[in-house]
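The values are calculated or read from the model by the stated rules, or taken from the named source; none is laboratory data. On a predicted model such as this, the values are computed, not experimentally measured, just so you know. Here the Cβ positions follow ideal geometry from the backbone for every residue, glycine too, while neighbour counts run over all protein chains shown.
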C-alpha cells in the first residue's frame, strides 16, 4: 500500500501548552482550521498529531470529537479524520442561519452600544477598508467577522452570540472572501460602510434594511464559488 503524503496541517500546528493535553490539542487544531491554514478536506492524522504534541492517542481523539461536534472535522471509518467540507447548498444554509441570528440582535445592539463598543466597530471597519486597499482577501475575511460581531455584541444576548460565533466557525474553513472577486469584496465593504453609519446613528430601521441587502449580496457572491477545486463538495 502506498504511503499517504504528510498532511499539510502538521506544518501549521504550533505546540503551545494550553491547559491539559486535550485542551492544548483542540485549541491549536481549532486555531489552524479557523485561520484557513487547513482547507476543507485536509486530513487530520491522529497518530502524527499525537506524536507532534507528545501525547497518546486518547487526548487527540477526544479533541477531534469536540471539533466534530463543532462541525469543523469529519470522521469516516476507512478514511480517518479530515477538516469538514460543505456543499454549496450547506454553505448557503449556514449564511442564512448567520444572517437570521445577526438580524435578531442588530437592533438591540445599536440601541445599547456604548461609546467604547461603537469605537470597536469603527476600528474593525477601518481594518476592512485597509484590507480592500491591500487586496488582502484573508484580512478581509478576518476583519469582516470582527466587524459583524462588533455590531451585535452590544446586544448582550449571550446565548445567541455563542450560537452565532459557532455558525461563523463552521464557514471559516472555506475562507469564502478569499475566493470571491475583488469587485465583490469592494461591494460588500460598501455595505459595511453604510451599516456602520446606520449603527452609529442608531437608525435601526435603516440598519436592518442595509443588513438584508448585504446578506442578499453575500448570497450572490458565494454562489460564484467553484465546486471543482475541493473547497466545496458537489451537491447531491
Notebook entry, point to check: In the list 99, 82, 63, which residue meets the criterion of being out of contact with any helix residue (DSSP H, G or I) (no Cβ under 8 Å at 6 or more places or on another chain) and buried (at least 16 other Cβ atoms within 10 Å of the Cβ)?
Noted result: 82
Notebook entry, point to check: (1) assigned by TED's automatic domain parsing to the domain that holds residue 97; (2) within 30 Å of residue 42 (Cα to Cα): which one isn't true of residue 153, the others all being true?
Noted result: (2)
Next item on the list: Please tell me if residue 87 is out of contact with any helix residue (DSSP H, G or I) (no Cβ under 6 Å at 6 or more places or on another chain) and over 26 Å from residue 233 (Cα atoms).
Entry: no
Checklist line | Qualifying residues in the stretch 149-203 (those that are surrounded by fewer than 19 Cβ atoms within 10 Å (Cβ to Cβ) and not in a helix (DSSP H, G or I)) - the one modelled with the lowest pLDDT | finding: 181
Notebook entry, point to check: Among (1) more than 24 Å from residue 179 (Cα to Cα); (2) in contact with a strand residue (DSSP E or B) (Cβ under 8 Å, 6 or more places away or on another chain), which single condition is residue 42 missing?
Noted result: (1)
Checklist line | Residue that is surrounded by the fewest Cβ atoms within 10 Å (Cβ to Cβ) [pool: residues in the stretch 130-139 that are within 19 Å of the chain's Cα centre (by Cα) and part of a helix (DSSP H, G or I)] | finding: 138
